[in-house]
Amino acid sequence: MGGAAQQGGHRIDDGLLNLLAENAALGRSCALATVVRTESPTSAHPGDKAVITADGELHGWIGGSCSDALVRREALMAMNDGLPRLVRIRPDVEVAETRSGGELTVATTCPSGGTLDIFIDPHLPKPVLVVIGGSPAARTMIELARVIGFRTCG
C-alpha cells in the first residue's frame, strides 16, 4: 500500500497511523483533525489530516498557520473533555468566536479569506484497572476488564 492507507475515501499517511497507534499503545491522549470542507482560496483540501499530541504538537497538514493554533487549542480541549468537535473558520463572521454544542465558528485571521471546516476527534487511552492480589476473584476481574476495554495492571 506504500505510504498511505484508505480511510473514508481519503488517504491517511502511514506516519499518522503509526503516531495514533503509538499513542494508544502508550496510553496517551491525542486527537485526529480532518479537513472536511473547504472553499477557496485555501491551501487545505478535504481529507487533509493531522494528529495533535497531548503536548500540543501538530503532525500533518490541516491548512497551515491560519488554522494550526486554533486546531491545536481545540484538540487539547477535546482531549480534556473527550468530546469531538467541528471547527468552522469563516471569512465573513461578524463575531470573532461563536460556540454552539460541538461546533465552533471563528473569523479567519488569514488575508486569503478562505473557508475551512475541520473535524477534531479525540483518541483517549482506555481506562486502567489496577488489581492487587492473585485470588480467583482478582483474576476474573482482570479478564472481565480486558473484555470490556480496560487496560489492566495486576
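The values are calculated or read from the model by the stated rules, or taken from the named source; none is laboratory data. Given the structure is predicted, the values throughout are model-derived calculations rather than measurements. Every residue, glycine among them, receives a Cβ derived from its backbone with ideal geometry; neighbour counts consider all protein chains shown. These area figures cover heavy atoms from the full protein model, side chains too; ligands, DNA and RNA do not enter into them. Shrake-Rupley method; radii C 1.70, N 1.55, O 1.52, S 1.80 Å.
Among the residues of region 140-154, which ones are assigned to a strand (DSSP E or B) and either among the aliphatic types (A, V, I, L, M) or open to solvent by 50 Å² or more (accessible area, probe 1.4 Å) (or both)?
In the first step, residues of region 140-154 are kept if they are assigned to a strand (DSSP E or B); the result is 151-153.
Across region 140-154, the qualifying residues are 151, 153.
Would region 91-103 turn up any residue that is open to solvent by less than 60 Å² (accessible area, probe 1.4 Å), without any contact (Cβ under 8 Å) to a residue 40 or more places away in the chain and farther than 20 Å from residue 16 by Cα?
Looking only at region 91-103, we keep the residues that are open to solvent by less than 60 Å² (accessible area, probe 1.4 Å), and these are 93, 102.
Retained after the next criterion (residues that are without any contact (Cβ under 8 Å) to a residue 40 or more places away in the chain): 93, 102.
Applying the additional criterion that residues be farther than 20 Å from residue 16 by Cα yields 93, 102.
Taking every residue of region 91-103 in turn, at least one turns out to be open to solvent by less than 60 Å² (accessible area, probe 1.4 Å), without any contact (Cβ under 8 Å) to a residue 40 or more places away in the chain and farther than 20 Å from residue 16 by Cα.
Suppose we filter 69, 137, 107 for residues that are open to solvent by less than 80 Å² (accessible area, probe 1.4 Å), free of Cβ contacts under 8 Å to residues at least 12 places away in the same chain and more than 21 Å from the chain's Cα centre (by Cα); which single one remains?
Details: 69 fails: more than 21 Å from the chain's Cα centre (by Cα); 107 fails: free of Cβ contacts under 8 Å to residues at least 12 places away in the same chain.
Only one candidate passes the filter, namely 137.
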Go through (1) of a type in the set (A, V, I, L, M); (2) open to solvent by 20 Å² or more (accessible area, probe 1.4 Å); (3) over 15 Å from the mean Cα position of the chain (by Cα) and name the single condition residue 124 misses. (3)
Can you name the number of the only condition in (1) over 18 Å from the mean Cα position of the chain (by Cα); (2) in contact (Cβ under 8 Å) with a residue 24 or more places away in the chain that residue 83 fails? (1)
Number of the exception - residue 21 against (1) surrounded by 17 or more Cβ atoms within 10 Å (Cβ to Cβ); (2) free of Cβ contacts under 8 Å to residues at least 24 places away in the same chain: (1)
